[in-house]
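Written out below as structure tokens is the structure these notes cover.
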Amino acid sequence: MDVACGGGRHSRFFAERGHPVLAMDRDISKLGEVAGIEGVTGVEADLEYIAPFEAAGENFAGIVVTNYRGVNLVKVLASNLRSGGVLIYETFAVGNERFGKPSSPDFLLKPDELLKECLAENLTVIAYEFGDVDLPKPTTRQRICALKMAEDQHPVLPGYQNPD
């Protein structure tokens, strides 16, 4: 699922690699030609409500969100991930007001907000970043990649050695 898909760059990326994609946005017309790619299904929905996610009625192997902040969105997305599913989420954070828009606190993540929300949903964090980036333009961002593990699974982290 590509949440707040905009023009569909992530939808295109995954569809061209053979993955079915549900592309969601409040204005699906921006998908343009991406909507015609085999395997891409566009859904126009107000992402501020849980209903569009419930209506999707699927457990997704992967969910991507960029440049969008929704209240309680991580909780809703975690419930839509299947066991072993991956959440990739990147958006603007406090500090971005130095670089321009978005600058309203309503659209900026608080320090470590993504990390805390993923941990609260028992997602296994694979990677997390919070800070300034220069490309494609200077911004302050939070980025996270997290897995939804089955109850009986334990993550194997690179370089980890069991102390037993």
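The values are calculated or read from the model by the stated rules, or taken from the named source; none is laboratory data. Because the structure is predicted, anything quoted here is derived from the model rather than measured. Glycine gets a Cβ as well: all are built from the backbone with ideal geometry, and neighbour counts include every protein chain shown.
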Within region 1-33, the count of residues that are touching a strand residue (DSSP E or B) at 6+ places or on another chain (Cβ under 6 Å), assigned to a helix (DSSP H, G or I) and of a type in the set (Gly, Ala, Ser) comes to 2
Look through region 1-13, keep the residues that are surrounded by fewer than 19 Cβ atoms within 10 Å (Cβ to Cβ) and over 14 Å from the mean Cα position of the chain (by Cα), and return whichever of them is nearest to Phe53 (Cα to Cα).
Gly7
Answer residue from region 129-164, given it is in a loop (DSSP other than H, G, I, E, B) and acidic (Asp, Glu) and is modelled with the highest pLDDT among those:
Asp134
For region 46-59, check the following and say yes or no: at least one residue is assigned to a strand (DSSP E or B), under 20 Å from Gly7 (Cα atoms), at pLDDT below 95 and among the acidic types (Asp, Glu).
no
Name the residues in region 71-84 that are in contact with a strand residue (DSSP E or B) (Cβ under 8 Å, 6 or more places away or on another chain) and under 18 Å from Cys5 (Cβ atoms), would you?
Leu73, Val74, Leu77, Asn80, Leu81
A careful count of residues in region 39-83 that are without any contact (Cβ under 8 Å) to a residue 60 or more places away in the chain and of a type in the set (A, V, I, L, M, F, W, C) gives 14
Of all residues in region 66-122, count the ones that are among the aliphatic types (A, V, I, L, M), over 12 Å from the mean Cα position of the chain (by Cα) and in a strand (DSSP E or B).
2
Out of (1) farther than 18 Å from Leu123 by Cα; (2) crowded, with 19+ Cβ neighbours inside 10 Å; (3) in contact (Cβ under 8 Å) with a residue 40 or more places away in the chain, the odd one out for Val21 is which?
(3)
Test result for Val34, under 20 Å from Ile144 (Cα atoms), buried (at least 21 other Cβ atoms within 10 Å of the Cβ) and among the hydrophobic types (A, V, I, L, M, F, W, C)
no
